[in-house]
Amino acid sequence: MAWFTRQKPSLDVGSVSEDEKTVRTEGLWQKCDGCGQIIWRKTVEENIFVCPKCDHHFRIGAADRLQLLFDDGAYEVYDAEMRSSDPLKFVDSKPYVQRLREMEEATNLPDAVICASGLLEGRRLQICALELKFIGGSMGAVVGEKITRAIERAIKERTPLVIISASGGARMQEGAISLMQLAKLSAALMMLDEAGLPYISVLTDPTTGGVTASFAMLGDLNIAEPGALIGFAGPRVIEQTIRQKLPDGFQRSEFLLEHGFLDAIVKRADMKAYIANALAFLAD
Ligand SMILES: [Zn+2]
């Protein structure tokens, strides 16, 4: 019988087996995808998950995004209980309902977006952040409805809107219903535009498919983090279709900025100040 709980993992591995050594030390160090260096994970964390050596921006979750942008990390979450009804009774390698349940357990979220309101440098606004870890941040009926409600809230309360994308695109388990969200969200954003309220789209690594093809590219400002993969179809599909080799850095933020698809590339550390400045310009 265990009378005690295990202590936190420590570096003291003197009296444990090889297996336990792996378990105990794993997660303390992180390899950077940018420069290949091994960095102490805590250093990366303290640097808001940006490599201190090469400025590579690691992927972060939706809750962390909101935490970074809202004043004092304080915000109110809406529609937190909304779940997919599995309209197609879809089964691929496993039933969609089971996949949803597992994802909810793994991420502690009922679907792939958190919609919240709060203050950003004193200005009230709506922020929706997509969670990549929930079925690839894919957009089904729940993501579509929750973001639409955030847009409607922005119109009702006359606040700006920010959407932070991290998504593989439409959710295939909801078939045409997920594709309908592209039209629904585009129409809702048109209403926001007609109300004269600003919308800033923040594209992070990766933003692809139906999300790029709808709300992620419809901002009054479309801005991205450095080095983010942004596109509609993947490079392999495009190469096979046009039978040409694609240039280096194709579909990365820097390439898109150079070719006029983005308005700016903003580092994570500068994001909050940038959005505050942009809103002062667009909303006042
Ligand atoms: Zn690095």
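The values are calculated or read from the model by the stated rules, or taken from the named source; none is laboratory data. In this text the structure is predicted, and so the values were computed from the model without any measurement. Because the Cβ atoms are built from the backbone with ideal geometry, glycine has one as well, and the counts that use them run over all protein chains shown. Accessible surface areas use protein heavy atoms only, side chains included; no ligands, DNA or RNA. Shrake-Rupley method; radii C 1.70, N 1.55, O 1.52, S 1.80 Å.
Annotations
- Residue count for region 244-269, restricted to those that are among the basic types (Lys, Arg) and open to solvent by less than 80 Å² (accessible area, probe 1.4 Å): 1
- Within region 222-238, being in a loop (DSSP other than H, G, I, E, B), over 16 Å from Thr204 (Cβ atoms) and open to solvent by less than 80 Å² (accessible area, probe 1.4 Å) holds for Ala233, Gly234.
- Test: residue in region 129-139 that is at pLDDT 95 or above and more than 23 Å from Gly234 (Cβ to Cβ): yes
- Here Thr241 meets each of (1) surrounded by 14 or more Cβ atoms within 10 Å (Cβ to Cβ); (2) more than 17 Å from Ile163 (Cα to Cα) with one exception, condition (1).
- Residue within region 73-86 that is within 16 Å of the ligand (Cβ to nearest atom) and outside any loop (DSSP other than H, G, I, E, B) present: no
- For region 87-100, a residue qualifies if it is in a helix (DSSP H, G or I) and more than 18 Å from Gly137 (Cβ to Cβ), and the qualifying residues are Val97, Gln98.
- Strands (runs of 3 or more DSSP E) lying entirely in region 115-221 (those with 1 or more residues that are open to solvent by 20 Å² or more (accessible area, probe 1.4 Å) and in contact with a Gly (Cβ under 9 Å, 6 or more places away or on another chain)): 123-130, 199-207
Residue-wise test of (1) in contact with a helix residue (DSSP H, G or I) (Cβ under 6 Å, 6 or more places away or on another chain); (2) in contact (Cβ under 8 Å) with a residue 12 or more places away in the chain; (3) not basic (Lys, Arg).
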site: Leu28; (1), (2), (3): yes, yes, yes
site: Cys32; (1), (2), (3): no, yes, yes
site: Cys35; (1), (2), (3): no, yes, yes
site: Val44; (1), (2), (3): no, yes, yes
site: Phe49; (1), (2), (3): no, yes, yes
site: Cys54; (1), (2), (3): no, yes, yes
site: Arg59; (1), (2), (3): no, yes, no
site: Asp64; (1), (2), (3): no, yes, yes
site: Leu69; (1), (2), (3): yes, yes, yes
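- For region 32-56, residues that are under 22 Å from Gly136 (Cα atoms) and near the ligand (Cβ under 10 Å from one of its atoms) total 5.
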